[in-house]
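Below: one structure, written as structure tokens.
The values are calculated or read from the model by the stated rules, or taken from the named source; none is laboratory data. Keep in mind that what you see is a predicted model, and the values were worked out from it rather than measured. Ideal geometry is used to build each Cβ from the backbone, glycine not excepted, and the neighbour counts take in all protein chains shown. Surface accessibility is based on the protein's heavy atoms, side chains included, excluding ligands, DNA and RNA. Shrake-Rupley method; radii C 1.70, N 1.55, O 1.52, S 1.80 Å.
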Amino acid sequence: MALAHNLGFPRIGGDRELKKAQEAFWKGELDEAGLRAVGRKLRAEHWQIQKDAGIDLLPVGDFAWYDQVLTHSLTFGVIPERFRGHGNAKPTLQTLFGMARGVSDSCCGGAHAQEMTKWFDTNYHYLVPEFSADQQFVLSWEQLFEEVAEAQALGHNVKPVLIGPLTYLWLGKAKGGEFDKLDLLEHLLPLYGEILQRLDAQGVEWVQIDEPILVLDLPQDWKNAFERAYNLLQKEPLKKLVATYFGGLEDNLGLAAGLPVDGLHIDLVRAPEQYPTILDRVPGYKVLSLGLVNGRNVWRCDLEKALDVLRHAHERLGDRLWVAPSCSLLHSPVDLAREDKLDAELKSWLAFAVQKCEEVAALSRALTEPESPEVLEALAVSQAVQASGAESPRIHKPAVQARVAALKPEDDKRPAPFAARIEKQRAELYLPAFPTTTIGSFPQTSAIRLARQAFKAGKLSEAEYTEAMHSEIRHAVEVQERLGLDVLVHGEAERNDMVEYFAEQLDGYAFTRFGWVQSYGSRCVKPAVIFGDLSRPNAMTVEWIRYAQGLTSKWMKGMLTGPVTMLMWSFPREDVSREVQARQLALAIRDEVLDLEATGIRIVQIDEAAFREGLPLRKAGWQAYLDWATEAFRLTASGVKDETQIHTHMCYSEFNDVIESIAAMDADVITIETSRSDMELLDAFEAFAYPNEIGPGVYDIHSPRVPGKDEIINLLRKAAQRVSAERLWVNPDCGLKTRAWPETEAALVNMVAAANELRAEFA
Ligand code: GLN
Ligand code: ZN
């Protein structure tokens, strides 16, 4: 047989039970026993679901109260000083949540939360471990052992999941003085030994050790460390399956295949091309686990296609072949069965975590019982799904494809270079030096959210809803005029989310009701699903922006989300490339840009918040991505006249390594985040001689703190040392939707005052 196993199951619950329980606990509405009971119930349900689906070996350790990397930090005693109680008492759930969310109520001024960052190229965020030079590793948290016992008591065959020592160290940060975190490995390994021995004593046979950094470009000393580490761990008990995912092993293939462990898992969804080489290189004693069901997307697996590979592998490997999803199902929504609003055809194309487990089990059974009715049924269904998708007129739109095919090289270029455009724009817009603006959204008050909900529920008529939004726009315009901003925005009150708002108005997008995926902690997102060729049947924002422009004699900035961000924050299609989907999105949004221009709007901002996060994990893939991503942006922006000013916005400024592509986007103005780095990140724009205009964010909108006028002036002076003053804009570093009005007004008053002073200074 080929064993069916799973690398991890979503922990949030089909109804986001974990989120709700966590938040109730934080508010003091649920006690610790209540919270723990919710966790226990979810784990039990999830194991049972996987077992019922036909999974032979169930993951344990995929559950986490906040984040699995944080659980490891607690397990290893990697708890920064500021979270340790007096006398180094054992950590508690309070310690864990404190590390995740910060502590504000302690006697001694509180402690800031650990930094959070993206888990590889997913939208999941983990808490970055903090290492000190003299870091001790002490087994400090019993959760894994308790959960193993819990699963065993329920009669399950389990495989604990650990993040491997190299990946764990790689994900962390050396704090307090320069040292090489790899030097900590020698101290960390004995703890892995201790954990393996404990698990052995619990009667565990296999452990899964995740080492996804094996799909990255690794420095040589890290590669060497892999051999050293696993040679040492070889002496410890348990059969070890090293799991890699999110990409191909490439230059690390020999290293991974040769590690002295009992099994290797590879991702054949993201990197199918590695299969033949791995098959040749994996030693005869080793289990090879093939990840053939996509753990990162919502589409049904093409079982026949996967079986072609499996049958071949089975001949060579026999019982040493295992079948699995490509990666943990943490990145999939939980259960498709709950979707009651999707039409039957669309639903038949999808698979969430529960269904993916069934697919894995079906693949495994198809090898040993190819004639069983269940297997034949599963294959027939899969075949029918593939056939209906291949032919569906809902997916394939000749008009959209023809438009993309007819694109000419000049379509993604502005007719005149920036230097010529900016002259015309300055003459037409007639803005002062250091023009002031904001990034788009104003506070999303509960009144706004209630109006939107009431409208969706049919309790507010369209006319009433429009009037409610108009009243928000009037308020936003009144405030901006009173404060003296130069380029105004309408405030985005009508938008639930910067992607979903547009997706809902495009053809080719579908929406689930329960397709939640954990983003971080208790925060979940429900990405829209791109299922077909994308087009824009009607104008999306024109009426709102026209209304707003009609209220003021200042310039009103049109506000759109760019094609790359639309794509990155959606579940994409698998039957066409991301590049093609980006181009289709670009054309749809380009039409909107042109409609805004035709209605008299002179400045249009196209947000690309997710531009940088689309970068491939391996450097070798960067240029190809940057080429199509910048092209998609330019395609969106290039239809307008020279006089129309295109802005873009990105919520960060780590552009050192991609500054040429940022320049190649050729936006007339780019607004970015720089306040937290004290404008130092602007160095990239100076070193590269970035030619266009820049609005370096002058204050951090993530905090309610109101920046002082002098602080803003200071930042702008620093910016002016790096970018010539006549190219600088003055703006916050992101949209203001999470802020309240009082602090927003107070901050903008100071921002405008700072700009005024600088005008005098630089005049
Ligand atoms: N225009 C958007 C806003 O202001 C941009 C949000 C973002 O960059 N994440 O809300
Ligand atoms: Zn932003």
Among the residues of region 397-423 satisfying the criterion of being over 32 Å from the mean Cα position of the chain (by Cα) and charged (D, E, K, R), which is surrounded by the fewest Cβ atoms within 10 Å (Cβ to Cβ)?
-> 408
Over region 481-505, the set of residues buried (at least 21 other Cβ atoms within 10 Å of the Cβ), more than 23 Å from residue 298 (Cβ to Cβ) and among the small types (Gly, Ala, Ser) is 491, 493
Of all residues in region 196-208, which are assigned to a helix (DSSP H, G or I) and more than 22 Å from residue 286 (Cβ to Cβ)?
-> 197, 198, 201
Just one of the numbered conditions (1) more than 30 Å from residue 716 (Cβ to Cβ); (2) within 16 Å of ligand 1 (Cβ to nearest atom) is not true of residue 463; which one?
-> (2)
Within region 141-156, which residues are crowded, with 18+ Cβ neighbours inside 10 Å and assigned to a loop (DSSP other than H, G, I, E, B)?
-> 141, 156
Output the residues belonging to region 655-673 that are more than 21 Å from residue 559 (Cα to Cα) and within 16 Å of ligand 1 (Cβ to nearest atom).
-> 655
Within region 603-623, can one find any residue that is more than 16 Å from ligand 2 (Cβ to nearest atom) and among the acidic types (Asp, Glu)?
-> no
Note on region 249-261: residues assigned to a loop (DSSP other than H, G, I, E, B) and surrounded by fewer than 18 Cβ atoms within 10 Å (Cβ to Cβ) are 260
Output the number of the condition that residue 441 fails; it satisfies all remaining conditions of (1) more than 16 Å from ligand 2 (Cβ to nearest atom); (2) of a type in the set (Gly, Ala, Ser); (3) in contact (Cβ under 8 Å) with a residue 60 or more places away in the chain.
-> (1)
Among what's in region 647-695 and is within 19 Å of residue 633 (Cα to Cα), in a helix (DSSP H, G or I) and touching a helix residue (DSSP H, G or I) at 6+ places or on another chain (Cβ under 7 Å), pick the residue that is nearest to ligand 2 (Cβ to nearest atom).
-> 665
For residues that are on the phi < 0 side of the Ramachandran plot and open to solvent by 20 Å² or more (accessible area, probe 1.4 Å), tally how many sit in region 197-215.
-> 7
Flagged in region 433-460 as open to solvent by 50 Å² or more (accessible area, probe 1.4 Å) and either among the aromatic types (Phe, Trp, Tyr) or more than 16 Å from ligand 1 (Cβ to nearest atom) (or both), in numbering order, are 433, 446, 447, 450, 453, 455, 456, 457, 458, 459
Going through region 102-121 in order, the residues found to be modelled with pLDDT under 95 and either closer than 15 Å to residue 68 by Cα or assigned to a strand (DSSP E or B) (or both) are 103, 111, 114, 115, 116, 117, 118
If we keep only residues of region 469-480 that are touching a Leu at 6+ places or on another chain (Cβ under 9 Å) and open to solvent by less than 30 Å² (accessible area, probe 1.4 Å), then the residue nearest to ligand 1 (Cβ to nearest atom) is 476
Under 9 Å by Cβ, and 6 or more places apart or on different chains, what pairs join a residue from region 138-158 that is without any contact (Cβ under 8 Å) to a residue 24 or more places away in the chain and farther than 11 Å from residue 202 by Cβ with one that is in a helix (DSSP H, G or I) and open to solvent by less than 50 Å² (accessible area, probe 1.4 Å)?
-> 142/75
Evaluate the following for residue 233: is it over 19 Å from residue 320 (Cβ atoms) and either open to solvent by less than 20 Å² (accessible area, probe 1.4 Å) or under 32 Å from the mean Cα position of the chain (by Cα) (or both)?
-> yes
Pairs with Cβ under 6 Å, 6+ apart, first in region 709-720 and among the basic types (Lys, Arg), second in a helix (DSSP H, G or I) | 709/750; 709/753; 709/754
Within region 738-752, the residues that are more than 16 Å from ligand 2 (Cβ to nearest atom) and either without any contact (Cβ under 8 Å) to a residue 40 or more places away in the chain or open to solvent by 10 Å² or more (accessible area, probe 1.4 Å) (or both) are 740, 741, 742, 743, 745, 746, 749, 750, 752
Those residues of region 290-330 which are in a loop (DSSP other than H, G, I, E, B), open to solvent by 10 Å² or more (accessible area, probe 1.4 Å) and farther than 22 Å from residue 346 by Cα, in sequence order = 328
So which residues in region 591-646 are surrounded by fewer than 24 Cβ atoms within 10 Å (Cβ to Cβ), over 29 Å from the mean Cα position of the chain (by Cα) and in a helix (DSSP H, G or I), if there are any at all?
-> 594, 595, 597, 598
Out of all the residues in region 719-737, is one or more more than 24 Å from residue 425 (Cα to Cα), open to solvent by 40 Å² or more (accessible area, probe 1.4 Å) and part of a loop (DSSP other than H, G, I, E, B)?
-> yes
Count - residues of region 733-746 that are over 12 Å from residue 485 (Cβ atoms) and away from ligand 1 (no atom under 14 Å from the Cβ) | 5
When every residue in region 305-358 that is touching a strand residue (DSSP E or B) at 6+ places or on another chain (Cβ under 6 Å) and of a type in the set (D, E, K, R) is compared, the one farthest from residue 5 (Cα to Cα) is 320
